[in-house]
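The values are calculated or read from the model by the stated rules, or taken from the named source; none is laboratory data. This one's a predicted model, so the numbers in the text were calculated from it and none came from an experiment. So basically every Cβ, Gly included, is an ideal-geometry build from the backbone, and we count neighbours across all protein chains shown.
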Amino acid sequence: MNRIFRFDQTFYIRIPLLVTFITLPIISVLILKHAGNFESSILGLDFSMSRSEKQILWFLIGFLSFVISQYIRIRFFNEKIYILYFFTIILLILPFFGDAIKGAQNWIFGFQPSEFGKIVIVMAISKYLSDNKAKINNLKTIFISFLIIIIPALIFLNQKDIGTALVYFSVFLPMLYWVGLKSEYCFLILSPIVAGFISILFNVYDFYNMDITIPMITLGIWLLVNFLFLSYILKKKINPVLISILILIINIFSTLSCDFLWEYLDNSNLNHVKTRIENFVVPSLNPQAGGYQVAQSKIAVGSGGIFGLGLGEVNQVELKYVPEADTDFIISSIGESLGFIFIFIIILTYINMFYWLLDYANKTRNLFQSLMIVGYCSMLFFNCIIALGMVVGIAPVTGLPAPLLSYGGTFTLSCFIMFGLCNNISNNN
């Protein structure tokens with residue numbers, strides 16, 4: 001049976017998702033009416049709508065896609081996913097033939113293919129891992145899983161869209177762990193990433209002659225984590241000498257590679273890449289780039305206090321001091337207008353949503369479907385952490401929107417489809 005739809009499936013909206021669909025869009029529309037709510041045309045037609053009106057339209061279209069996804073036959077994707085993956089890669093290449101928008105060349109005909117690519121990439125990894133569960137601790141299985149992600153990620157890096165590349169990478173380790181990858185292998189995968197970050201952190205602080213207290217504290221914490229991990233390995237009676245040597249080699253190799261990369265960027269004409277890395281590692285560093293956004297965002301959030309200044313009474317957002325106040329920095333707009341109390345409500349809503357997703361991933365008997373939920377949960381969680389963290393300077397400014405809050409049609413639509421597929425799986429498990 002090759003049908004994509006099956007109309008006798010159960011349709012029931014889970015309460016946690018219903019709460020999310022009511023709470024976040026209402027806050028989003030309220031804020032958008034006071035943050036960059038200018039009018040623009042729709043698809044180049046003669047009539048125009050404000051951004052808040054457009055977002056209402058996108059929420060309605062998104063909810064319609066949510067309803068439609070309840071009748072999708074999930075097994076169809078299990079059967080055809082590698083064909084869909086191939087066509088998705090072709091779709092992701094199309095923006096190279098379009099114009100760059102805000103420095104990133106990831107748009108074509110008014111939409112972002114990368115947003116729909118998220119849905120397919122998670123399915124592709126879910127398919128491969130569910131078919132190779134017995135060989136999950138095999139190096140070949142890990143490498144092919146990584147290959148499924150690295151191909152689209154390299155496309156995004158060439159399109160100067162670092163944020164989306166990171167979102168794709170965010171599913172790798174959680175999905176491997178969920179399917180049964182040993183914790184020591186997870187640590188070995190994570191180790192070079194952390195070691196490389198610390199190396200670049202030292203280079204940035206040294207380049208600007210800044211106090212290295214923060215890099216030293218970070219290094220100390222990482223050494224402590226390594227020590228605790230080795231203690232854990234000893235208790236499991238795994239060969240501690242081999243694991244210790246592997247960790248040492250991986251950390252040294254990653255550190256030297258990042259040092260070499262930094263020197264290469266310093267002596268080449270790739271200053272824009274170096275600046276992006278600096279702003280990524282230390283978001284508040286460069287006052288003319290990401291640091292300016294973070295500084296103004298902190299002022300906005302701080303001035304809002306507990307209960308906010310009120311809608312239409314704000315300064316930083318209304319006077320355009322906070323860039324992208326309706327998209328990447330919409331949390332700043334909410335903090336200034338409605339205060340920390342509403343940010344706290346948003347955080348609780350997200351926590352409730354992620355708890356529900358993981359709970360149903362755990363209850364789902366089909367591994368392919370369970371991995372799909374984990375993958376979508378990981379992507380949305382990463383978006384939330386970055387969107388919440390970058391407004392106060394504890395996460396890099398990467399242009400990632402907040403799910404169901406930030407203005408944006410393609411992203412909103414992809415979020416509803418992800419939620420719809422997860423709801424479909426939980427109803428028809």
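Annotations
- Being of a type outside the set (Val, Ile, Thr) and either modelled with pLDDT of 95 or more or within 17 Å of the chain's Cα centre (by Cα) (or both) is true of TYR376.
Yes/no matrix, rows are residues, columns are (1) modelled with pLDDT under 65; (2) of a type in the set (Gly, Ala, Ser); (3) in contact with a helix residue (DSSP H, G or I) (Cβ under 7 Å, 6 or more places away or on another chain):
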{"residue": "GLY36", "(1), (2), (3)": "yes, yes, yes"}
{"residue": "SER48", "(1), (2), (3)": "no, yes, no"}
{"residue": "SER52", "(1), (2), (3)": "no, yes, yes"}
{"residue": "GLN55", "(1), (2), (3)": "no, no, yes"}
{"residue": "TRP58", "(1), (2), (3)": "no, no, yes"}
{"residue": "PHE63", "(1), (2), (3)": "no, no, yes"}
{"residue": "ILE68", "(1), (2), (3)": "no, no, no"}
{"residue": "TYR71", "(1), (2), (3)": "no, no, no"}
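Residues are listed down the side, and each one gets a yes or a no for (1) free of Cβ contacts under 8 Å to residues at least 60 places away in the same chain; (2) assigned by TED's automatic domain parsing to the domain that holds LEU380:
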{"site": "SER145", "(1), (2)": "yes, yes"}
{"site": "PHE156", "(1), (2)": "no, yes"}
{"site": "SER191", "(1), (2)": "no, no"}
{"site": "VAL194", "(1), (2)": "yes, no"}
{"site": "PHE202", "(1), (2)": "yes, no"}
{"site": "THR213", "(1), (2)": "yes, no"}
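- Criterion (assigned to a helix (DSSP H, G or I) and under 23 Å from PHE169 (Cα atoms)) met by exactly one of ILE189, ILE233: ILE189
- Extreme residue, modelled with the lowest pLDDT, among residues of segment 92-115 that are surrounded by fewer than 17 Cβ atoms within 10 Å (Cβ to Cβ) and assigned to a helix (DSSP H, G or I): PHE97
- Reported count of residues in segment 181-225, each being of a type in the set (Ser, Thr, Tyr) and surrounded by 14 or more Cβ atoms within 10 Å (Cβ to Cβ), is 5.
- Being buried (at least 23 other Cβ atoms within 10 Å of the Cβ) and in a helix (DSSP H, G or I) is a description that applies to ALA387.
- Checking each residue of segment 164-176 against the condition of being over 15 Å from the mean Cα position of the chain (by Cα) and buried (at least 16 other Cβ atoms within 10 Å of the Cβ) gives at least one match.
- Verdict on PHE307 being outside any helix (DSSP H, G or I), assigned by TED's automatic domain parsing to the domain that holds ASN132, over 20 Å from the mean Cα position of the chain (by Cα) and aromatic (Phe, Trp, Tyr): yes
- Matching residues in segment 350-384 - criterion: being crowded, with 19+ Cβ neighbours inside 10 Å and not hydrophobic (A, V, I, L, M, F, W, C): TYR350, TYR360, THR364, GLN369, SER370, GLY375, TYR376, SER378, ASN383
- Condition broken by LEU357, with the remaining ones in (1) out of contact with any Cys (no Cβ under 7 Å at 6 or more places or on another chain); (2) assigned to a helix (DSSP H, G or I); (3) modelled with pLDDT of 90 or more satisfied: (1)
- Filter result for LYS160 (out of contact with any strand residue (DSSP E or B) (no Cβ under 9 Å at 6 or more places or on another chain) and basic (Lys, Arg)): no
- Of everything in segment 151-163 that is assigned to a helix (DSSP H, G or I) and under 20 Å from TYR376 (Cβ atoms), the residue that is farthest from the chain's Cα centre (by Cα) is ILE151.
- Yes/no for LEU166 being modelled with pLDDT under 85 and within 28 Å of ASN279 (Cα to Cα): no
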